[in-house]
Amino acid sequence: MTRSTSERVERPSRLGSAPPANMADTRPRKPAFTTRRGLGIAAFMAPAVLFVVVFIYYPMISGSQMAFRNWNLTDLTDTSWVGFKNFQAMFADPVFYTVLGHTAVWVAGSIVPQFVIGFAIALWLRRHFRFRGLYQALIFFPWAISGFLIGILFRWMFNSEFGVINDLLSKAGLIDQPIPWLADPKTAMIAITVANVWYGVTFFTIMILAALQSIPDELYEAASLDGAGKARTLFQITVPSIRATLSLTVLLRVIWIFNFPDIIFGMTGGGPSNETHIVTTWMISITQQGDYGKASATGLIVVTMLLVFSVFYLMATREKKGAKS
Amino acid sequence: MINKESIAGRIVRIAFLAMWLVITVFPLYWITITSLKIPGAIFKFPIAYWPDEFSLQNYAGLFSKAQFGVYLGNSLIVATVAGTVATAISILSAYVLARFEFRSKTALLMAALVTQMIPSFIALGPLYMMMTQLGLVDNRFGLILVYIAVCIPFCTVMLRGFFENVPDALEEAAMVDGCSRFGALFRVLLPVMRPGIVAAFIFNFVNCWNELFLSVTLMNSDTNKTIPTALNGFISSFNIDWGSMSAAAVLTIVPTMALFAFASRYIVQGLTSGAVKG
């Protein structure tokens, strides 16, 4: 207690201006601006702001300006401004469009099954059963693992010779010959998407379950009194009630999966022959080659695309909501 | 609460939930079984789902052939220190953001969100150059500083949610009793929030423990590598030794899984509170 009292006395003197501090004491409930209050807030925020500005914002901004410069670690003698040359090089590169296509497949192929399975599990988890808590804890635990390590786990399971997935498929009589999953571009894409679905379902389950629990029971009682069937209840009560959460969760996940190179990095490293690169893994490999200018240009293109997507997505989901009500 | 389900519906539900549970658990079962086989037995047909003989050779090899103990120690130090400091700093910022109204508040919250949205890889190159100038490349202290910064935005948002769940009246009562605002925070508010704070720390710890790209970029020498960086080295070599790889994977996963199991309820609460409200 003594420590805090002394601080009270100290602070105004450190400021050198007593009156505002006194004013704050007489009207403690009103959040009027006073120097003392402002300094207190600033002091509490300062460490967080300092760290984030120095180690996140500064590199991010200085990275953005590299996109407009000739900046290659292999030769730093000429780092002049080159305008949009890096962007032009990007758009002229046919690999860029292949990578964009893969990114679209990766995002859509991951998000749709994640959403459907996650939603189904959430619906079925609403009902109480004996081991529900344990069940939730068990399906939650892929989350404790890093995406990179998940990539490694699935790389081993999809191994063409000794992989357990080929073994299970052939035991089930679905395949005669082992599939070289990660050596063939098409099947490699399927394999990385399967791994990502495995990882991401839980997120949807958690978010949707939380939203479902906020729907009042009366709505369901009313619906069953009106003789509404299962499907009608789902589409006319459940889905509209949690539409905001659903659309926000999907948006966050799209952005996140777009930026999620970890699984691919651990599983294929973008191979075979660049056929499983998404934009972010490609960007990492450009960074590793030392061409920071080109990598930053790619990054800015990603940010722009995600921004445009978010705006359109938010407009689209908002409109639907307005039309319904 | 929900209308009675038919027997068929019940069977479908249980079958589906059981199937998903098997799918979720299987990869972890498989990596554990692989790690416990005798090194040569991994590459034998037919593939054994329950080996005849268990062995810890893969684990022993990690510590004798590779410096896994060093990596483990590095990860432990970096994740513990960064997780603790980031939690402490975030407590201060989250408290202010939860309890005060001020002009730049929305901007600060937006700034925190933006860090979660923008691909961090755009910052990798410049960060490396900056750290080189500061003499903090290939330095555990440098990595800790960067991890603290990476943890702060989400940790602040999460803790802010927990602060908002505690009624103002609690602090006001303490302040009426003669506590200062600072005293009220430390003597009354923080003890009440202990589970949330522990969850936030665990979340930070696990994120730092799992982090790959920053540590690959910033740490070069073998004695400074964290576990993910070392694993990345394992897969970059031409032939992957799946025996030691799976043992290393199990040793990496077990601590984080134990921590998550301990705090999962609060982590879920922290994750959902923001999104459901917003």
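The values are calculated or read from the model by the stated rules, or taken from the named source; none is laboratory data. Quantities reported herein were computed from a predicted structural model and do not represent experimental measurements. All Cβ positions, even for glycine, are placed from backbone atoms using ideal geometry, and neighbour counts span all protein chains on display. Side chains are part of the model used for accessible areas, which takes the heavy atoms of the whole protein and leaves out ligands, DNA and RNA. Shrake-Rupley method; radii C 1.70, N 1.55, O 1.52, S 1.80 Å.
Scanning the range B:167-200 for residues that are part of a loop (DSSP other than H, G, I, E, B) and surrounded by fewer than 18 Cβ atoms within 10 Å (Cβ to Cβ) yields B:Pro167, B:Asp177, B:Gly178.
Among the residues in the range A:173-192, are any within 10 Å of another protein chain (Cβ to nearest Cβ) and either of a type in the set (A, V, I, L, M) or within 21 Å of B:Val268 (Cα to Cα) (or both)? No: the range A:173-192 contains no residue that is within 10 Å of another protein chain (Cβ to nearest Cβ) and either of a type in the set (A, V, I, L, M) or within 21 Å of B:Val268 (Cα to Cα) (or both). Only one of the numbered conditions (1) over 24 Å from A:Met283 (Cβ atoms); (2) part of a loop (DSSP other than H, G, I, E, B); (3) more than 7 Å from every other protein chain (Cβ to nearest Cβ) is not met by A:Gly118, and that is (2).
Note on the range B:1-42: residues that are within 10 Å of another protein chain (Cβ to nearest Cβ), without any contact (Cβ under 8 Å) to a residue 40 or more places away in the chain and more than 20 Å from A:Gln136 (Cβ to Cβ) total 6. State yes or no: is B:Ala66 in the same structural domain as B:Asn239 (by TED's automatic domain parsing) and either at pLDDT below 85 or not in a helix (DSSP H, G or I) (or both)? In short, yes. Does the range A:192-212 contain any residue that is open to solvent by 30 Å² or more (accessible area, probe 1.4 Å), within 30 Å of A:Lys85 (Cα to Cα) and at pLDDT 85 or above? No; the residues of the range A:192-212 include none that is open to solvent by 30 Å² or more (accessible area, probe 1.4 Å), within 30 Å of A:Lys85 (Cα to Cα) and at pLDDT 85 or above. All but one of (1) part of a helix (DSSP H, G or I); (2) touching a residue at least 40 places away in the same chain (Cβ under 8 Å); (3) open to solvent by 60 Å² or more (accessible area, probe 1.4 Å); (4) within 14 Å of chain A (Cβ to nearest Cβ) hold for B:Phe205, so report the exception by its number. That leaves (3) as the condition not met. A single member of A:Ala42, A:Ala48 is modelled with pLDDT of 85 or more, within 22 Å of B:Leu145 (Cβ to Cβ) and open to solvent by less than 20 Å² (accessible area, probe 1.4 Å), and it is A:Ala48.
Based on this model, can you work out whether B:Gln116 counts as touching a residue at least 24 places away in the same chain (Cβ under 8 Å), open to solvent by 70 Å² or more (accessible area, probe 1.4 Å) and within 12 Å of another protein chain (Cβ to nearest Cβ)?
Details: touching a residue at least 24 places away in the same chain (Cβ under 8 Å): yes; open to solvent by 70 Å² or more (accessible area, probe 1.4 Å): yes; within 12 Å of another protein chain (Cβ to nearest Cβ): yes.
Taking the combined requirement at face value, the residue satisfies it.
Scanning the range A:218-241 for residues that are of a type in the set (S, T, N, Q), within 9 Å of chain B (Cβ to nearest Cβ) and within 30 Å of A:Ala108 (Cα to Cα) yields one hit, A:Thr233. When A:Leu149, A:Leu153, A:Leu174, A:Leu182 are screened for being outside any helix (DSSP H, G or I) and either buried (at least 18 other Cβ atoms within 10 Å of the Cβ) or not assigned by TED's automatic domain parsing to the domain that holds A:Thr276 (or both), only A:Leu182 passes. Only a single item in (1) open to solvent by 60 Å² or more (accessible area, probe 1.4 Å); (2) more than 9 Å from every other protein chain (Cβ to nearest Cβ); (3) assigned to a helix (DSSP H, G or I); (4) in contact (Cβ under 8 Å) with a residue 12 or more places away in the chain is not met by B:Gly83, and it is number (1). Restricted to the range A:156-171, and to residues there that are farther than 26 Å from A:Val254 by Cβ and not in a helix (DSSP H, G or I), the residue that is most open to solvent (accessible area, probe 1.4 Å) is A:Glu161. Listed conditions (1) closer than 15 Å to A:Phe96 by Cβ; (2) among the small types (Gly, Ala, Ser); (3) within 11 Å of chain B (Cβ to nearest Cβ) are all met by A:Ala244, apart from (1).
Summed over the range B:93-113, residues that are more than 9 Å from chain A (Cβ to nearest Cβ) and within 20 Å of the chain's Cα centre (by Cα) total 1. One residue stands out in the range A:144-190 among those that are touching a Leu at 6+ places or on another chain (Cβ under 6 Å) and of a type outside the set (Phe, Trp, Tyr): the one that is modelled with the highest pLDDT, namely A:Ala188. Looking only at the range A:258-309, residues that are under 17 Å from the mean Cα position of the chain (by Cα), more than 10 Å from chain B (Cβ to nearest Cβ) and surrounded by 23 or more Cβ atoms within 10 Å (Cβ to Cβ) come to 3 in all.
Among the residues of the range B:46-61, is any modelled with pLDDT under 90, touching an Asp or Glu at 6+ places or on another chain (Cβ under 7 Å), in the same structural domain as B:Phe186 (by TED's automatic domain parsing) and open to solvent by less than 40 Å² (accessible area, probe 1.4 Å)? Checked against the condition, which is being modelled with pLDDT under 90, touching an Asp or Glu at 6+ places or on another chain (Cβ under 7 Å), in the same structural domain as B:Phe186 (by TED's automatic domain parsing) and open to solvent by less than 40 Å² (accessible area, probe 1.4 Å), the range B:46-61 yields no hits at all.
Scanning the range B:233-249 for residues that are buried (at least 20 other Cβ atoms within 10 Å of the Cβ) and facing chain A (nearest Cβ under 10 Å) returns B:Trp242, B:Met245, B:Ser246, B:Ala248, B:Ala249. Pairs meeting the criteria (first residue in the range B:133-150 and in a helix (DSSP H, G or I), second residue of a type in the set (Gly, Ala, Ser) and open to solvent by 30 Å² or more (accessible area, probe 1.4 Å), beta carbons under 8 Å, at least 6 apart or on different chains) are B:Val150/B:Ser120.
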